[in-house]
Structure formats: structure tokens, C-alpha cells
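Before any comments, here is the structure.
Every read-out reported here was derived from the displayed coordinates using simple, explicitly stated rules and does not represent laboratory data. Quick caveat, the model's predicted, so the values are computed rather than measured. So basically every Cβ, Gly included, is an ideal-geometry build from the backbone, and we count neighbours across all protein chains shown.
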């Protein structure tokens with residue numbers, strides 16, 4: 001069995017599974033030691049760890065980060081590839097080939113353009129990009145689970161009909177997993193799951209939408225990721241402690257810090 005075949009099997013098994021998002025080698029190894037079956041990168045968490053804002057990371061940095069996370073554990077890894085390394089269908093295909101070469105077992109491409117003034121690709125163009133990615137995936141020497149994302153709900157376009165239309169079109173041209181981040185209630189999530197025939201990924205950890213694994217599985221979700229939420233949680237604790245030191249000259253945060261023995265117990269010998 002390979003990482004790639006293991007990842008495919010997780011999507012074909014009964015029930016849903018968790019896909020937590022580390023942002024560096026250390027957090028990847030800690031999550032593996034806690035018993036998770038697969039991991040996913042987080043573009044925002046990666047950017048923050050490099051001292052950059054999301055969207056400012058170069059192609060080479062993304063691929064190097066993916067290779068680091070892949071090599072950190074024996075678990076399959078899927079990557080958040082944002083809109084890829086360009087806007088054309090050809091660039092989407094090239095992104096999948098380059099991502100697979102790092103050892104990734106999968107990756108996601110989104111229909112967000114990166115331009116806040118015009119945030120979502122036109123329908124036909126978005127579908128052409130996923131079709132090109134799927135065609136490239138079919139020619140790879142290793143399996144690769146292609147996730148297609150519709151970003152409508154993250155960019156002020158709360159149009160469920162258009163979101164479902166896009167996800168159905170992505171499925172029709174070869175996407176393996178469908179994903180519409182930003183859905184806020186179980187009924188809507190269930191409607192999306194019922195509208196497609198491929199596995200659906202849902203992200204938890206966004207403000208105002210917190211459901212259990214059991215609740216999400218009941219409405220048809222196959223895969224649950226947390227995006228940048230774990231990274232943002234860690235950075236919140238870090239910044240709060242630093243602010244308290246700077247403003248108040250206090251070190252009360254030390255009482256909540258993880259001990260060396262517990263932390264090292266999550267890392268390989």
C-alpha cells in the first residue's frame with residue numbers, strides 16, 4: 001500500500017474521516033502521533049509561519065512546504081493549492097503535475113481568482129481549469145485525489161444554486177472530491193452532499209459554524225478539514241502571551257504552556 005492508495009481508500013470507506021491541517025513539520029508529526037489517518041496543508045497557516053500574508057507565498061515555497069509535510073510522517077497528505085500557480089487551464093494542469101511530484105496524495109484547486117475586485121472565475125473558465133487538472137491527474141504515474149473548491153460563500157456570493165451548479169460541473173469533468181467552504185448550517189451542507197455523487201469535504205473551525213463529526217456524517221459529509229483554525233488558535237495564544245509580557249510585564253501564560261515531556265512525547269525518538 002502507498003500513501004496515495006491509502007488516501008483513496010479513506011474516501012471509499014464507510015463514514016467520514018478527519019483531515020487536520022498542520023502548518024509545519026512539527027505539527028504534522030504531532031498530529032500523526034495522535035492517530036489521525038491523513039493530513040492536509042493550510043495555505044494560510046503556511047504563509048503565517050513564513051511571516052507572509054496568505055497569497056504571498058511563491059510557487060517554489062509552496063512546493064517545498066508540501067515536500068516537507070509529505071516527508072514528515074508516513075501519512076498521506078493533501079495540499080491546499082489555492083488557485084494553483086496561474087489562471088489558465090494549462091497552469092492548473094501544471095500545478096497538479098508539480099504537486100504530485102512532491103509525493104502528495106491529493107490537492108485542491110479553487111475557483112477564487114485572487115483578485116478581491118473580481119473574486120470568482122467565470123463558470124466556464126472555472127470548469128475548464130478543473131477539467132485540465134483532471135486530465136493531468138489521469139496521466140500521473142501515481143494516484144492523486146483531486147479536490148475542486150467553489151469559493152462563493154467565502155467571497156460574499158451566498159448563491160447556493162450557483163455553488164451546486166459549479167460543484168456538479170466539477171464532478172462531471174473529473175474531480176474526485178467537492179468542497180464549498182463557508183457553508184453555515186447543516187441543512188445547506190446536507191443539500192450540497194445530496195446534490196453530488198462524489199465525496200464532499202467540509203471545513204470546521206470557522207466562526208459561527210461548529211458541528212460535530214457525528215452531525216456532519218449524518219448529513220452526508222465524507223471528509224472534515226479545519227483549514228487554518230489550528231494555526232490561528234496557536235498564534236492567538238502566542239500573541240496574547242507576548243502582549244501580556246509587553247504591556248503588563250507578566251508571564252502568567254507559562255502556567256498554561258505544554259510541558260517538555262508531554263510535547264516531546266508527541267515527537268518521534
(request) Take the alpha carbon gyration tensor of region 26-70, find the square roots of its eigenvalues, order them as a ≥ b ≥ c, and report rounded if a/c is under 1.5; if not, report prolate when a/b exceeds b/c, else oblate. (result) prolate
(message) Give me the tail of P(r) for region 184-237 as a percent: Cα-Cα pairs with distance above 18 Å.
(response) 33 percent
(request) Determine, for 235, 179, 121, the number of other Cβ atoms within 10 Å of each Cβ, and report the residues in order from fewest to most. (result) 235, 121, 179
(message) Test of understanding: extend the Cα→C-beta vector of residue 2 to 7 Å, then name every residue of region 130-152 with backbone N under 12 Å from that spot.
(response) 139-145
(message) Which of 48, 170, 7, 238 has the fewest other C-beta atoms within 10 Å, and how do the rest follow up to the most?
(response) 238, 48, 7, 170
(message) Restricting to DSSP H runs of at least four residues, report the calculated mean residue ellipticity at 222 nm for the chain, -39500 (n - 2.57) per run over all residues, nearest 500 deg cm²/dmol.
(response) -14000 deg cm²/dmol
(message) Let me test this: with uniform point scatterers at the alpha carbons of the chain, what is the Debye-based log₁₀ I(q)/I(0) at q = 0.11, 0.14 1/Å?
(response) -0.61, -0.98
(message) For 73, 147, 95, which order do you get if you count the other beta carbons within 10 Å of each Cβ and list the fewest first?
(response) 73, 95, 147
(message) Rounded, prolate or oblate for region 1-113? Axes are the square roots of the Cα gyration tensor eigenvalues, ordered a ≥ b ≥ c, and the cut-off for rounded is a/c under 1.5.
(response) oblate
(message) Could you compute Rg(Cα) / (2.2 N^0.38 Å) for region 178-269, with N its residue count?
(response) 1.52
(request) Bin all alpha-carbon pair distances of region 128-245 at 10 Å intervals from 0 and give each bin's fraction as a whole percent. (result) 13, 38, 29, 14, 5, 1
(message) If I take every Cα pair under 8 Å that is 6 or more residues apart in the chain, average their sequence separation and divide by the length, what percent do I get for the relative contact order?
(response) 19 percent
(message) Give me the percent relative contact order of region 67-213, please, defined on Cα pairs under 8 angstrom at least 6 residues apart.
(response) 19 percent
